[in-house]
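K.L.:
One structure coming up, written as structure tokens, with questions to follow.
The values are calculated or read from the model by the stated rules, or taken from the named source; none is laboratory data. Treat the numbers as computed from the prediction; the structure is a model and nothing was measured. Glycine gets a Cβ as well: all are built from the backbone with ideal geometry, and neighbour counts include every protein chain shown. Accessible surface areas use protein heavy atoms only, side chains included; no ligands, DNA or RNA. Shrake-Rupley method; radii C 1.70, N 1.55, O 1.52, S 1.80 Å.
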Amino acid sequence: MIIKVINPNTTQSMTDKIGATARLVAAAGTEIIAASPRFGPVSIEGHYDEALSVVGVLDEIRSGEAAGVDAYVIACFGDPGLLAARELASGPVIGIAEAAMHAASVLTTGFSVVTTLVRSCIIAEHLTHNYGMAKFCRGIHGTDLAVLDLEESGSDAYQIVLNSCRQALATDRSGAIVMGCAGMSDLCVRLQDELEVPVIDGVTAAIKWAEGMVAIGLKTSKKGDLALPIGKPFSGDLARFGK
Ligand code: 5HY
């Protein structure tokens, strides 16, 4: 099977890291394609960035459909464009936030989210309500790391994230940590060893969820609101998205 993991921001080093993390857990028969849009924000740190990243995500879904991709992972903790992507895709489309939250909800009665900028916390908070996970989420914590600080080798990002996780576990009385940024996907194993609680990375959780859905023959429903988009002309820069 082919799973396309889409980094909605346009930072190649982060796309490479996400792809490497996905390949570490992918089954022998799973080909991972890691991609990011040719256009869009270098990092997603708020509503504006997220809104504009969706066009690129949908462009990657369109090309994936033409290439016979079996499932998609949207590898940004805001899960940008998730439902629109499901309209376009025939196979499952899974966001890393929904995957990580659902995984955490069967491992603990209360989890904490640790993310980057404090201003992004509201995005994760909205998702906990959208996904029915609010009763499991005990707290959402920003570290005030910029997303791309996670790409700086030699930065103190790991220590900052570790300290925030420790504080979250104590303050929230939670039993697990959800990583609130795809750029943290390579920190999970080390954090889990140090914290001695489950630390869930949405990239790996989403890859295994997608694999399982494809393996049992499940696809996105095309009845109702996730049916293919209604064909119509689009004007201007978006003309190629219409028909
Ligand atoms: C992400 N931003 O996973 C989100 C997370 C965040 O560029 N990739 C991004 O920190 O808001």
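K.L.:
Counting only residues that are of a type outside the set (A, V, I, L, M, F, W, C) and part of a helix (DSSP H, G or I), which one in segment 64-85 is surrounded by the most Cβ atoms within 10 Å (Cβ to Cβ)?
P.N.:
Within segment 64-85, the match that is surrounded by the most Cβ atoms within 10 Å (Cβ to Cβ) is GLY64.
K.L.:
Then there's this: Residues being among the aliphatic types (A, V, I, L, M) and assigned to a loop (DSSP other than H, G, I, E, B): count how many of those fall in segment 24-45.
P.N.:
5
K.L.:
In segment 162-186, which residue that is more than 20 Å from PRO8 (Cβ to Cβ) and within 16 Å of the ligand (Cβ to nearest atom) is surrounded by the most Cβ atoms within 10 Å (Cβ to Cβ)?
P.N.:
Step by step, filter segment 162-186, then rank; the result is ILE177.
K.L.:
While we're on this one: Please determine whether any residue of segment 21-42 is within 17 Å of ILE96 (Cα to Cα), modelled with pLDDT of 95 or more and within 9 Å of the ligand (Cβ to nearest atom).
P.N.:
No, segment 21-42 contains no residue that is within 17 Å of ILE96 (Cα to Cα), modelled with pLDDT of 95 or more and within 9 Å of the ligand (Cβ to nearest atom).
K.L.:
Out of LEU117, LEU150, which single residue is within 12 Å of the ligand (Cβ to nearest atom), touching a helix residue (DSSP H, G or I) at 6+ places or on another chain (Cβ under 7 Å), open to solvent by 10 Å² or more (accessible area, probe 1.4 Å) and over 15 Å from ILE200 (Cα atoms)?
P.N.:
LEU150
K.L.:
Counting only residues that are open to solvent by 10 Å² or more (accessible area, probe 1.4 Å) and within 16 Å of the chain's Cα centre (by Cα), which one in segment 1-11 is nearest to the ligand (Cβ to nearest atom)?
P.N.:
Per the stated criteria, the residue is THR11.
K.L.:
Which condition breaks for LEU88 when tested against (1) touching a residue at least 40 places away in the same chain (Cβ under 8 Å); (2) surrounded by fewer than 18 Cβ atoms within 10 Å (Cβ to Cβ); (3) more than 16 Å from the ligand (Cβ to nearest atom); (4) not polar (S, T, N, Q)?
P.N.:
(2)
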